[in-house]
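K.L.:
Below you'll find the structure I mean.
The values are calculated or read from the model by the stated rules, or taken from the named source; none is laboratory data. Fair warning: this is a prediction, and the values are worked out from it, not measured in the lab. Please note: Cβ atoms are built from the backbone with ideal geometry, for glycine as well, and neighbour counts cover all protein chains shown.
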């Protein structure tokens, strides 16, 4: 049975019980001499039957109104509220599922972004290392070339210096021989002697 219908029956029963409780009071008032031309006709015993009749009629009308009008409306309101609560709960569950799905999507996107960022960083580091290696190789080649050029210049300068020293040695030797012997030495002999001395050194 519908709980609201049960509530209506209990209310009607309470009204009936209240009316039954008022009946002895009415009889007491009638026995106390307040009947007949009393100022309170509802306490007149001669009208008690009519009062009970109208009480029953009123109760029946109220009961029918409650049963046919008030209780169905209250039931409709309760049912509508239950449907609304159920719909809200379903919507909340749906939103919770959507939120969970969104969180998974966000986590997946963040993971992919981290992986992509790490890949970009690795590629940038590899490119920097390759560029550094190329620059280092180029610098090493330039340094080697400059070193070779410097060694060549040093060798040329040394040869030039040695040639100058040999010429000076020839001149000194020629002057010395001429001064010591009074005769002019042959350049070929002096040159051979200087070459032999430089090889022996």
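K.L.:
Return yes when residue 81 is part of a helix (DSSP H, G or I), at pLDDT 90 or above and either surrounded by 11 or more Cβ atoms within 10 Å (Cβ to Cβ) or under 60 Å from the mean Cα position of the chain (by Cα) (or both) and no when it is not.
P.N.:
Details: part of a helix (DSSP H, G or I): yes; at pLDDT 90 or above: yes; either surrounded by 11 or more Cβ atoms within 10 Å (Cβ to Cβ) or under 60 Å from the mean Cα position of the chain (by Cα) (or both): yes.
Criteria met by residue 81.
K.L.:
Now a separate question. Look at residue 178 and say whether it is modelled with pLDDT of 70 or more and surrounded by 11 or more Cβ atoms within 10 Å (Cβ to Cβ). Outline the logic, then answer.
P.N.:
Numbers: modelled with pLDDT of 70 or more: no; surrounded by 11 or more Cβ atoms within 10 Å (Cβ to Cβ): yes.
Judged against the criteria, residue 178 is not a match.
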